[in-house]
Structures are given as structure tokens and as C-alpha cells.
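> Supplied in C-alpha cells, the structure appears directly below.
Values in this text are rule-based calculations from the coordinates and carry no lab data. Fair warning: this is a prediction, and the values are worked out from it, not measured in the lab. In this analysis, Cβ positions are derived from the backbone assuming ideal geometry, glycine residues included, and neighbour counts consider all displayed protein chains.
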Amino acid sequence: MSKECSQARGLLSEYVDGSLSADSAWQVRMHLTVCADCAEALQQLRATVALVRGLSRVQVSADFDAKLAAKMSGLMPRHPSRSTTVDNLKRALRIAAIRWQDGPRLLIAGAGAAMACAVVALAMLSPNFVGTASRVQTYRSQSPIASFASVPSADLAFVAACSNQHAQYESNQSIADPTADIVAARVDEAGAASTGAAAADSGNLAYSTDTE
Amino acid sequence: LGSEKVICLPNTDTALIVRCQERDPAAFDEIVTRYKQKIFNYVYRMIGNGDEAEDVTQDVFVKMYVSLPSFRSEASITTWLFKIAGNLCIDRYRKRSRREQAMGGETISLDYRSEAEPSGAGGGPTVEVPDRDTEPQRILEQAELDRQIQAALAELPDKMRAVVLLHDIEGLSYEEIAQIERCPLGTIKSRLFNARQQLRKLLTPYLQS
């Protein structure tokens, strides 16, 4: 076997995988055009790889999962704790930290988050937000049971929107506040009393019970 | 209370590992579902016995779960699982060779039925065979070819067989295999080259057809 053949044969495996540099691949290709033996060796190598790749896949048996579960018994928690907002936040931070190596994508995401923060800050400085915040402060200073009967329908819509937003992020958590049921009942009562006006103000007034 | 909303948790491999580290059983189940066939096929081709391969595959996931606190995030879950599988296969070889020495020798049993084999032949699970493979002659030929390829693979040294299986069957890159085998890239390329040369010689009668 000539020196060129020996060099080319040593690269054929990587040539089949397409992992050679462009320069090396070109040299092998040039040699193959003039050497029938090496071209034949390449064909045999390709056929061998194709045979191995064509090996049938075997399937695990139907009781694989049950046997694994038996091995895992004692290792797995029996009653996994439900995740809280803090847990979810911690998890998101850990995932983000792991993905930090992805760099550019995360930088874009970070820039997006910074822009979102800026938008929220601007919104908080706007007159509408200040008005809403002062209304919330007013209701806080009153007894919840006494105040909801006189709440304007637009503000009830705001309360309902807050409630829905809370439910979106905390739908797996019951509200710990012991007065929550009383407040919800009062919201329902006030909502029923002002159905006409509320419907005119907003179509999203009803308190969503499917998220409790 | 009314119906509960379904919370969508992230399902990337990274997120699954993080959830698994928090002992979330659903995340563990998802990892098992995603990887059990790949790991089982690798282990089966490495040790050649279906029941033993299932046992080892289950141990891979148990060991993964136990080792979660020490999982380094720079490794991918694929390379991590194959690394655990490779180590457990080596343990199994050692146990087996001790047993074989004690019992005076035993051949590798190829008792598991592949997707290509007809149901009812030998042990193993029931497999749905695609319509295009239902001709009995073709199925038998493929089953015979599988046996010959498996026998040729069994002839290879363990380290070469591992590289062929990981690269040509499981589709891992040279770099991923180098991580699993803790070897330089050149060593992996060299093992693959030599393994293919040996397989070419062993499978010469089947190359023409």
C-alpha cells in the first residue's frame, strides 16, 4: 500500500462521518478518484456503517416502569410538597443560571426584562396609576365588609382583575387570608347588586370561581 | 373549590433536572419516558441479554436519581445517563465473568426480540410491527441479520463496542462520546476507526447483499 493510500485509509472513517476539515476531505476525494482500491474500501466501510445503523431497535418490556417504580420505592417522596411562588422563582433562577452559558439568548431575554421593568416603572408614575393606588389605599383603610357595598363598579372590575391575576399565578395555592372568603362573598353581593352598571362598564366583572 | 388550572412547568432537559433535584416525581417520570429506550438499547447491545439489560437500565435511572445532587450542569443529561450506563455495564461484566469462571463458562444469550422479529418467537415484550415489515421472509432475514451484527459487535473489545454503539446507533458526536468515555477526541476517533475495520471483516458475507 502506498503512502497516499495509507493516509487516505486512515481518514476514511471520518470521511464517512463528514467530520473531516474541508481541506482533508478534498485530499481524500482527490485520492479516491485515482485509486480504485481505496474507493472500494470506502464502499465497504459505508456498507458496514449502514448495516450497523440498520440494527433493529429493541423495546423494553411492558412491566419495565412497574419494576423501576418498585426499585424507586423508598427513594421518592410519598407526598411531594406543592410548589410555592418562592419555589417557582428559585427554580426559574436556577434554570436561568444553568442556561447562562447560552449567553446571547439570555442577554436578549435580560434586555427584554429590563425594558419590561422600565415600562412598569413609567406606568406607576402615570396619573392613572396614582389614582388607582390611592383608591386601593382608601379601601384598605376601611373595614372590608363595610366598604364593598359602596364600591363603584369600575373599581370592582379592578378588584376582579387583580383576583384573576392572582389566580393565574397562584392557581395551585389556596389563599391563606382568613378574610378572603368574606371578601369574595361581599364582592359577589356587590357585583349582583350592580349587575347592570357593571355589565355596562366591563364584561369581565364576575368573580372567577374556577380558579379558586 | 372549583376545577384547578393546569400549571405548565418547563420541560427542557435542564428544567427537568432542576425539578428532579427538587424531588418532583413527574419530572423523573418524564426523564425515564424520554430516555429509557435509548439507554436500554445501548445496554442491551453492550451486554447482550434482555432481562439483564432491563435490570441495568432501571439501575441507571435509580443511580441518576440518587446522584442528582452531584450533577454538574455543564454536562448534558444524555451524556450523563450514558456515562452511568457504561459504568454499570462494566460492573455487570465483572460480576458476569466472576460467575462464568465459577460455573465454567457461559455464552452470551441473545434472547430479546427486536422490532423486526415476529411475535411469539422467544421471550421479551410484544411489539407492534409496521405493515411494511409484515412479510415473514423479510422479517426472518432481518432478525437473522440482527443476530449476526449483534454477534459481530460482541466480538469487539468493550471500549470499541461502546464507541460504535454511541456514535453509529445512538447518534452521539465524537465530543459527547469523549465526555462519556473520559478520553481525548483522537482516542475516540481511533477506536471508531478500528472498530469499523473489525466489523467490516466480521460482516463481509453480509456486505454484498
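> Give region B:178-207 a look and list any residue that's more than 8 Å from chain A (Cβ to nearest Cβ) and within 20 Å of the chain's Cα centre (by Cα), or say none.
B:A178, B:Q179, B:I180, B:E181, B:R182, B:C183, B:I188, B:R191, B:A195
> Give me the pairs, please: first residue somewhere in region A:24-53 and more than 16 Å from A:G10 (Cβ to Cβ), second residue anywhere and not in a helix (DSSP H, G or I), beta-carbon distance under 8 Å, and either six or more positions apart or on two chains.
Final answer for the pair search is A:T48/B:L203; A:L51/B:L203.
> Could you say whether any residue in region A:4-22 is more than 24 Å from B:I169 (Cβ to Cβ), part of a helix (DSSP H, G or I) and of a type in the set (F, W, Y)?
Checked against the condition, which is being more than 24 Å from B:I169 (Cβ to Cβ), part of a helix (DSSP H, G or I) and of a type in the set (F, W, Y), region A:4-22 yields no hits at all.
> For region A:34-64, give me each residue that is more than 7 Å from chain B (Cβ to nearest Cβ) and within 30 Å of B:Y65 (Cβ to Cβ). Break it down into steps so the answer makes sense when it comes.
Let us first name the residues in region A:34-64 that are more than 7 Å from chain B (Cβ to nearest Cβ), namely A:34-43, A:46, A:50, A:54, A:63.
If the condition is that a residue be more than 7 Å from chain B (Cβ to nearest Cβ) and within 30 Å of B:Y65 (Cβ to Cβ), then A:D63 is the only one that fits.
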